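Below: the structure, in structure tokens.
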Amino acid sequence: MGATLVVQETKTLSTNKEFWRWKEYRWHDETLDWKGAGVVSAGVDIGSVSSQAVILLDGKLFAFSNQRTGFDSPESANQAIQWAMDGTGLTLRNIHYTVGTGYGRVNVPFADKAITEIACHARGGNFMYGPTVRTILDMGGQDCKAIRCDEKGKVEAFLMNDKCAAGTGRGMEVFADLLSVPIEEVGDLSLSVEQEPPPVSSTCVVFAKSEAAALLRAGWPKNKVLAAYCAAMAHRVVTLLERIEVRKDFAITGGIGKNSGVVKRLEKELGLEALKSPYDSQIAGALGAALFAYTLEVKRRSS
Amino acid sequence: MIANYGYKDGSGDFFIAIDTDRCNGCGDCVPACPAGVFAVGEDLHDPLSDKPVAKVVEEHRKKLKYSCGPCKPDRNRPPLPCVQVCKPLALAHSW
């Protein structure tokens, strides 16, 4: 005599939507022909969270790609440049000079030189936002950089914080996931509050996450919790910026530059409007790298 | 350029600011620091410049609070050896 084992049908798990996922994409200018270009230069920014590749023709923007960085930096670099070249007919052999930048800059196998992200963001920011930009805030995936530059995009002062997730894309991804809000909707949702709530009190993403969970339990709607977090992030970042003295014009690069919730609150606290660019704020580093590549190739040919 | 090396975390702001325009690359700060926080070399953030300048080494950058701890007692703090030895006054601490 044995007990019959009754197998209950397990509930099918609903598809786990990844709320932290932002759109990966590529673009190229179909009106330009790379075969007629004198110098084809490339910049590859291997960040800890995202990777971009930018291709310039004689210093003019031709193509770029933006995707998540894998665990293998050299492979991420290869994928980034291949995707940027996709559909253009370009191959690596046609690129005259490549500069690698970002966290994984020494791991770009086809790069001719590695240049720091600080120098590249200043240069890229100058191209994207114009020669009036003097203060650039780069809110990256796992770090935050405050850069002051001159009219040519040369660095005059900088400060980088890569010890702490507060003020980084990763911090925002944690919150998007916690609240089950797609990360690309976080900004607008946080601005939909009637009254600005007090910012979350903790300076730490780990504790802020617990604080947010408690606020949700207390009945706070999602948009209010997001507003509180965006406000805390903006405030924290301002304390970093103040250390290098903010001068206008001001611009925000990096993924969080696309988060209106953080951008608007930063603008309010600084009393400055952030410059807008027709280009994606995430490509600033790779763009600066490609511009350096162009300069260095021209220099190489003339020596 | 004012290069701020260090970090900010829940316990505070710990940055050493090096003014690379004032810095003449003399390297006096290197042996002056008992923890070996400094090195002189290529200015990595100004790729078109050849002038060697002082910087905080990567090994210490993210733990400056602890690296500089021995020179910063709670009371009766003497002048910091790195700041004292720098003739062009290119070094400053944020804490």
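Return the average number of partner chain Cβ atoms within 10 angstrom of each residue Cβ along peptide A:111-124.
The mean count of partner-chain Cβ atoms within 10 Å per residue comes to 2.
Projecting each Cα onto the charge dipole of the protein assembly as shown (Lys/Arg +1, Asp/Glu -1 at the beta carbon, about the Cα centre), which of A:204, A:278, A:125 comes out farthest on the positive side?
Positive-most Cα among the choices belongs to A:204.
Using +1 on the beta carbon of Lys and Arg, -1 on that of Asp and Glu, and nothing else charged, what's the dipole of chain B about the Cα centre, debye to 20? Walk me through the intermediate numbers first.
Details: 12 positive and 12 negative charges, 96 e Å.
Result for chain B is approximately 460 debye, rounded to the nearest 20.
Picking from A:142, A:195, A:67, which is most flexible by a Gaussian network model of chain A using Cα springs under 10 Å?
Ranking A:142, A:195, A:67 by mean-square fluctuation puts A:195 first.
Give the shape of the stretch A:46-87 as rounded, prolate or oblate, defined through the alpha-carbon gyration tensor: a ≥ b ≥ c are the square roots of its eigenvalues, a/c under 1.5 means rounded, and otherwise the shape is prolate if a/b is larger than b/c and oblate if not. Spell out each step's value before the answer.
Numbers: a/c = 2.63, a/b = 2.02, b/c = 1.30.
Prolate shape, in that a/c is at least 1.5 and a/b is the bigger ratio.
Mean-square fluctuation check for chain B, GNM, Cα pairs under 10 Å: which of B:31, B:73, B:52 is largest?
B:73
Could you derive backbone 3J(HN,Hα) for the stretch A:38-51 from the dihedral phi with the Karplus parameters 6.51, -1.76 and 1.60 (θ = phi - 60°), listing whole Hz in sequence and x where the residue is Gly or Pro?
Working through the residues one at a time gives x, 10, 9, 10, 9, x, 10, 10, 9, x, 6, 10, 10, 10 Hz.
Counting partner chain Cβ atoms within 10 Å of every residue's Cβ in A:151-164, what's the average?
Numbers: counts 0, 0, 0, 5, 8, 3, 7, 6, 11, 9, 8, 3, 9, 4.
Whole-number average of other-chain Cβ neighbours for A:151-164 is 5.
Sorted from largest down, what three extents in whole angstroms do the Cα atoms of the stretch A:61-167 have along their principal axes?
38, 31, 22
Just want the ordering: B:93, B:60, from fewest to most Cβ atoms lying within 10 Å of their own Cβ.
Values: B:93 16, B:60 20.
In increasing order of surrounding Cβ atoms, one gets B:93, B:60.
List the trypsin sites (Lys or Arg not before Pro) within the stretch A:15-120 that fall in a DSSP loop (any state other than H, G, I, E or B) and whose Cβ has at most 10 other Cβ atoms within 10 Å. The partial results should precede the final answer.
Details: sites: A:17, A:21, A:23, A:26, A:35, A:60, A:68, A:93, A:105, A:113; in loops: A:17, A:21, A:23.
In loop regions of the stretch A:15-120 (DSSP not H, G, I, E or B), the sparsely surrounded trypsin sites (Lys or Arg not before Pro) are A:17, A:23.
The stretch A:71-151: which GluC sites (Glu not before Pro) are DSSP loop and have at most 14 other beta-carbon atoms within 10 angstrom? Write out the running numbers ahead of the final one.
Numbers: sites: A:75, A:117, A:151; in loops: A:151.
Answer in residue order: A:151.
Nearest 5 percent is fine: what portion of the DSSP beta bridges confined to the protein assembly as shown is antiparallel? Provide the component values of the computation, followed by the final result.
Numbers: 46 of 61 bridges.
Percentage antiparallel, nearest 5: 75.
Find the relative contact order for the stretch A:131-274 and round it to a whole percent, using C-alpha pairs within less than 8 Å whose residues are 6+ positions apart. Don't jump to the answer; show the numbers that get you there.
Values: 252 pairs, mean separation 44.9, N = 144.
Worked out over the stretch A:131-274, it gives 31 percent.
When a/c is below 1.5 the answer is rounded, else prolate if a/b is larger than b/c, else oblate, so apply that to chain A with a ≥ b ≥ c taken from the square roots of the Cα gyration tensor eigenvalues. Write out the running numbers ahead of the final one.
Details: a/c = 2.40, a/b = 1.37, b/c = 1.75.
Oblate, because a/c is 1.5 or more while a/b does not exceed b/c.
Sort A:297, A:245 so the one with the fewest other Cβ atoms within 10 Å of its own Cβ comes first. Kindly include the intermediate steps, with their values, before the conclusion.
Working: A:297 20, A:245 13.
Final ranking by Cβ density, sparse to dense: A:245, A:297.
About the Cα centre of chain A, what is the dipole size in debye to 20, counting +1 per Lys and Arg Cβ and -1 per Asp and Glu Cβ, all else neutral? Mind dumping the intermediate values first?
Working: 35 positive and 35 negative charges, 83 e Å.
I would put it at about 400 debye.
In the stretch A:131-274, what % of DSSP beta bridges are antiparallel (nearest 5)?
Values: 11 of 16 bridges.
The answer is about 70 percent antiparallel.
Using the alpha-carbon centroid of each, what span in Å lies between the stretch A:83-128 and the stretch A:245-303?
Taking the Cα centre of the stretch A:245-303 as reference, the centre of the stretch A:83-128 is 16 Å away.
Where in the stretch A:132-207 are there trypsin sites (Lys or Arg not before Pro) that are in a DSSP coil and have at most 13 other Cβ atoms within 10 angstrom of their Cβ? Before the final figure, lay out each step's value.
Details: sites: A:134, A:145, A:148, A:152, A:154, A:163, A:170; in loops: A:134, A:152, A:154, A:163.
Those that pass, being in a loop and sparsely packed, are A:152.
Report the dimensions of the stretch A:131-274 along its three principal axes from the alpha-carbon atoms, largest first, rounded to Å.
50, 30, 23
Only the coordinates and a few stated rules stand behind these numbers; no lab work does. None of the values given here were measured: they were computed from a predicted structure. Note that each Cβ is placed from the backbone with ideal geometry, even for glycine, and that neighbours are counted across all protein chains shown.
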